[in-house]
Amino acid sequence: MSSLLRRWPSLCKIEYGSSAIAENIVQKILAAHLRAGNLAAGSIIRLAIDQVLTQDATGTMAFLQFAATGLERIKVPLAVSYVDHNILQNDFRNPDDHRYLQSVAAKFGAYFSRPGNGICHQVHLERFARPGGLMLGADSHTPTAGGLGMLAIGTGGLDVATVMAGDLYEMKMPEVMLVRLTGQLAQPWVTAMDVIMEILRRLTVKGGVGKILEFAGPGVTTLNLTERATITNMGAELGATTSIFPSDELTRRYLRAQGREKDWMALTADHGALYDEELEIDLGQLEPLMAKPHSPDDVVAIGELSGKKVDQVCIGSCTNSSYQVLKAVASILDGRSVAPHCDLTINPGSKQVYEMVAREGDVAKMIAAGARMLESACGPCIGMGQAPQTSGISVRSFNRNFPGRCGNRSAFVYLCNPLAAAVIALQGEIVDPRTTDVTVAEVKEPAQFVINDNMILPPSSSPETVEIIRGPNIQDVPVKQPLANQLACEVLLKVGDNISTDDIMPAGSNILPLRSNIPAIAEFVFYGIDASFAQRAKKAKYGMIVGGENYGQGSSREHAALAPMYLGVEVVLTKSLARIHKANLINYGILPLEFEVPESYEEIRQGDRIEIGDVRTQLISGEAHFDLVVQPAGKRIRAKAALSEREVKTLKAGGLLAYVKMSA
Ligand code: MIC
Ligand code: SF4
């Protein structure tokens, strides 16, 4: 288990560039991009970003915000706008977003990955990610690129918009956890997915908060590139800032196979580099694992659940849909049939993967077995179709199984590796694949991928001629009033621990098309938990949400802050907050408070009125402290907020948009 190793308190005194200092990979990359601050854990640092990515569910807002700056061109060396989430075109709304994104990408200087080209993280790994680089992405699974030695951080769309406008990215320097891998996976049935599920089992969904995971050790060279990317992808479920692997000969081989060897550089930690913590995983000891409903850290050995009847299996997502994975899945399905009571869906991660497995006959094997082939997109992972039946049991090779995320709150979603999932689809019940007579082919990474970037459109070379196409569903981004000095907030909702952004702002095929229309999407805030939330919030002048630990875990969707803000939520008071959600709350002017003592949580009931006086005066950088009076009981409790100077100014102004306008 994790043990606290050598601390690193004096790091701030170390001069970077000195050959005497042994650096880990995270320090090397951050030092090369550092423009202000120092790299001691907990310090505020400001970083120059090399690449940004957006996707259509977060990108429309990000580009509206960028457009509002009046700038003509994006100021980051590389920006890519993907369309992969909102691909069900039930009416005009999603295709209008696609056209808008295509036009702004051409005009402002981003590459545009067309719908059908694949899931942003898989495509970015294939075509753009670069070892040693620093990337910001408006999606929580941006760390996928860490598999290739890039430091890639997920964040809200507004942070990406300000970086595209030329701002530095500000964050608190995380601690760095060394994850030492030893041994070798007992393949074929134990895969990279089991590595990250084992880490989730040990550390839980909040075990990575405030940390970056850096992988090292002899086990690293036994994992190919896309296996490494599976691990860094799902590191997001730990709440970690990001995860990263070294860049080695295998990285070089992958980039060569992608026709991009020139993007390679070697990147490893120096001998003697220090870490805040260390965790050791013996790959050889792992077995096929499964996360039970409704949390990715509720992990057990798959065998413990054997015999449970399964209604649906979904294979794909940004976690598990590489070429090797899909070829192996095809070999499992080859000549067999999906169980009669079980649906199997497969969504290859990218057009490149889809085209290759189609050319090589693997898609035919999948179809013949009864698989329902879906587009290269997020699809069922975000509830864009393929919801399970009432109280249905779905087994998915995806990364999240939060309640309702699949499009049906009564369903039960289990997560496991894609090869086990394929065997489960054949058997129609949960089974440890090692106990069956099903075989799987050993698939090597190809020496050459099929490279055809015809679905990636470069920015226009004559942007002045490009007209921005903005459909009627795309509304302006609301801006909040400056923070009031006296607040009396009604407690609109009190929730427990680990509330995800899927709980706060659900997705799915009915709600995702409203991502560009805040007044419309706001009606669905907390819809799955309390359908009358929006109505109640609109009646109260100032609203507050009270939560437990790790509030706002999961996705980067800023709508989970923006829509509550639109409904009048002024304060979110919790035991602890997830990183990206806290940043999003601040960006939209919602005060993120934490109880000074967790027991105070018990003092508050839904419907109470919480008074906070002298809010603006007490709101200072570092750690701000507040006295709260809980009415009608009249009890006093204390809350705190850890904020940077910029965050304090942002909150006082009413959010980042208002702050940027004020300081322009
Ligand atoms: C997710 O996996 O939850 C999403 C959908 O990709 C989100 C982004 C979004 O909600 O737009 C994420 O992970 O950030
Ligand atoms: Fe898409 Fe699912 Fe990956 Fe999010 S986790 S980017 S919804 S595939």
Original post:
What's the long-distance tail for segment 82-237, i.e. % of Cα pairs beyond 24 Å?
Top reply: 41
Original post:
Dipole of the chain, Cα-centred, from +1 at each Lys and Arg C-beta and -1 at each Asp and Glu C-beta, to the nearest 20 debye?
Top reply: 1040
**OP:** Return the lysines within reach of Lys308: Cα separation strictly under 21 angstrom, same-chain partners fewer than 8 residues apart disregarded; answer none if there are no such residues.
**Re:** Lys292
Subject >> Nearest 10 degrees, 0 to 90: helix 192-203 Cα axis against the chain principal axis >> reply: 40
Original post:
In degrees between 0 and 90, to the nearest 10, how far off the longest principal axis of the chain does helix 93-108 point, with axes built from Cα atoms?
Top reply: 80
**OP:** Find the accessible area per residue for the chain; the probe is 1.4 Å, ligands and nucleic acids are left out, and the unit is Å².
**Re:** 34
Subject >> Restricting segment 552-614 to trypsin sites (Lys or Arg not before Pro) in coil, as DSSP defines it, with at most 12 other Cβ within 10 Å >> reply: Arg605
Original post:
Going through segment 56-165, which chymotrypsin sites (Phe, Trp or Tyr not before Pro) have at most 14 other Cβ atoms within 10 Å and a DSSP loop state?
Top reply: Phe92
Original post:
Hey, which aspartates and glutamates would be in cross-link range of Lys652, C-alpha to C-alpha under 17 Å, not counting anything within fewer than 8 residues on its own chain?
Top reply: Glu570, Asp614, Glu623
**OP:** May I ask you to list the residues of segment 34-71 whose amide nitrogen lies under 19 Å from a point 7 Å from Cα along the Cα→beta-carbon direction of Asp270?
**Re:** 34-35, 38-41
**OP:** List, in the order given, every pair from Lys28/Lys640; Lys107/Lys480; Lys172/Lys494; Lys28/Lys327 whose Cα-Cα distance in the structure shown is over 31 Å.
**Re:** Lys28/Lys640; Lys28/Lys327
**OP:** Could you run the Karplus curve 6.51 cos²θ - 1.76 cosθ + 1.60 with θ = phi - 60° over segment 591-604 and give me ³J(HN,Hα) per residue in whole Hz, x for Gly and Pro?
**Re:** 6, x, 9, 10, 4, 5, 10, x, 4, 4, 3, 5, 6, 10
Subject >> Whole-angstrom Cα spans of segment 258-407 along principal axes, big to small >> reply: 56, 38, 29
**OP:** On a 0 to 90° scale, report how tilted helix 418-427 is relative to the longest principal axis of the chain, with both axes built from alpha carbons and the result rounded to the nearest 10.
**Re:** 70
Subject >> Extension gain from Leu88 to Glu599, taking 0.36 nm per residue of separation minus the Cα-Cα distance >> reply: 179.5 nm
**OP:** Can you send over the carbon and sulfur percentage of the accessible area for segment 86-184, probe radius 1.4 Å, protein chains only?
**Re:** 42
Original post:
What's the percent breakdown of Cα-Cα distances in the chain across 20 Å bins, shortest bin first?
Top reply: 20, 55, 24, 1
**OP:** Round to a whole angstrom and tell me the spacing of the C-alpha centers of segment 564-590 and segment 538-554.
**Re:** 7
Original post:
Which whole number of Å³ per residue matches the convex hull of the alpha-carbon atoms in segment 41-167?
Top reply: 100
Subject >> Distance (nanometres) between label positions extended 7 Å along Cα→Cβ at Ala531 and Ala441 >> reply: 4.9
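The values are calculated or read from the model by the stated rules, or taken from the named source; none is laboratory data. What you see is a predicted model; the values in this text were computed from it and never measured. Cβ atoms come from the backbone with ideal geometry, glycine included; neighbour counts cover every protein chain shown. We work out accessible area using only protein heavy atoms, side chains counted, and drop any ligands, DNA or RNA first. Shrake-Rupley method; radii C 1.70, N 1.55, O 1.52, S 1.80 Å.
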